[in-house]
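Taking it in order: structure first as structure tokens, then the write-up.
The values are calculated or read from the model by the stated rules, or taken from the named source; none is laboratory data. Everything numeric in this text was worked out from a predicted model, so none of it was measured. Every residue, glycine among them, receives a Cβ derived from its backbone with ideal geometry; neighbour counts consider all protein chains shown. Just so you know, the surface numbers come from the protein's heavy atoms only, side chains and all, with ligands and any DNA or RNA stripped out. Shrake-Rupley method; radii C 1.70, N 1.55, O 1.52, S 1.80 Å.
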Amino acid sequence: TSEFPLLFSFHGGSGYADNFIYTNDMRPIADTANFIAIYPQGAIDPDGGTTSWIHKAPTDHDDIFFIEAIINSLNENYLIDQSRIYACGYSNGGMMSYFLGKSISNKIAAIGSVSGTMLEGNPDPANPVPMINIHGTSDLVVPYLGNSDYPAISTVLTYWANHNGANSTPVTTSLTSGVTSVEKSVYSDSSGTGWVEHYKVNAGGHDWFNLDLSGSDTNQLIWNFFSKYDINGLVE
């Protein structure tokens, strides 16, 4: 009798959904906040022989089709709130979340990335897409400052702030998680809506971080952000 939001969680490269569900365990939050947590399994990439997302030719894996098929299948069996479908992921799974947000922004209400980044060549989204990003400054796999393969995180943040109509200069707050220093940056529009939220984990590596920011871990931070938005923007 009620429509429920969907939250996709994408594992990293070489990962498996049945392991990632314990790393990024959204189930306790889903039970209380009333959304459906989805953990898709990435296909084997013939080039590397490992699981991954965003496969390139000549493979016949179409990850966008795969996710849309999951949405359609669930919609046949449950009441799905089509205005509140979210995507987050770790590392290569974060790249997949960006890819979804850019490719089907008419279906994805908000995206999140932990230790991931945006790839070159992704299509520009047709609609605004709120985004939360959590990244460590000592990440040696997806460097915070970028490299020849990946853009700097600041470039990614600026891209989404500009696309969403937010100020490119954020409001920054210094936080602590235990002994870890964390800088929170919020990119807002002229009405104060924070379209992009970034957590810079100082000295953080390539991890799904075990944060505790005023009682909120990484999973809760992501849901707290997602829950403010639907496909039309800020929930009234």
>> Name the single residue that is modelled with the lowest pLDDT among those in the stretch 50-66 being hydrophobic (A, V, I, L, M, F, W, C) and in a loop (DSSP other than H, G, I, E, B).
In response: 57
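This table checks each residue for (1) touching a helix residue (DSSP H, G or I) at 6+ places or on another chain (Cβ under 7 Å); (2) closer than 30 Å to residue 166 by Cα; (3) β-branched (Val, Ile, Thr).
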{"position": "41", "(1), (2), (3)": "yes, no, no"}
{"position": "74", "(1), (2), (3)": "no, no, no"}
{"position": "114", "(1), (2), (3)": "yes, yes, yes"}
{"position": "132", "(1), (2), (3)": "yes, yes, yes"}
> Taking the stretch 2-49, which residues are within 17 Å of residue 207 (Cα to Cα) and part of a helix (DSSP H, G or I)?
Replying inline: 17, 19, 20, 21, 22, 23
>> I'd like the residue in the stretch 128-147 that is under 17 Å from residue 100 (Cα atoms), in a loop (DSSP other than H, G, I, E, B) and in contact (Cβ under 8 Å) with a residue 60 or more places away in the chain and, out of all such residues, is most open to solvent (accessible area, probe 1.4 Å).
In response: 128
> How many residues does the stretch 18-37 hold that are more than 19 Å from residue 224 (Cβ to Cβ), surrounded by 14 or more Cβ atoms within 10 Å (Cβ to Cβ) and free of Cβ contacts under 8 Å to residues at least 40 places away in the same chain?
Replying inline: 1
> For the stretch 96-127, how many residues are in a helix (DSSP H, G or I) and open to solvent by 10 Å² or more (accessible area, probe 1.4 Å)?
Replying inline: 3
> Taking the stretch 1-17, which residues are of a type in the set (Phe, Trp, Tyr) and open to solvent by 10 Å² or more (accessible area, probe 1.4 Å)?
Replying inline: 4, 16
> Do we have residue 193 as in contact (Cβ under 8 Å) with a residue 40 or more places away in the chain and farther than 20 Å from residue 93 by Cα here?
Replying inline: yes
>> Pairs please, first residue from the stretch 60-72 and touching a residue at least 12 places away in the same chain (Cβ under 8 Å) and within 13 Å of residue 42 (Cβ to Cβ), second anywhere and outside any helix (DSSP H, G or I) and open to solvent by 70 Å² or more (accessible area, probe 1.4 Å), Cβ atoms under 9 Å, 6+ apart in sequence or on different chains.
In response: 61/44
> Picking from 108, 85, 80, 104, which residue would you name as being more than 25 Å from residue 177 (Cβ to Cβ), modelled with pLDDT of 95 or more, out of contact with any strand residue (DSSP E or B) (no Cβ under 8 Å at 6 or more places or on another chain) and aliphatic (A, V, I, L, M)?
Replying inline: 104
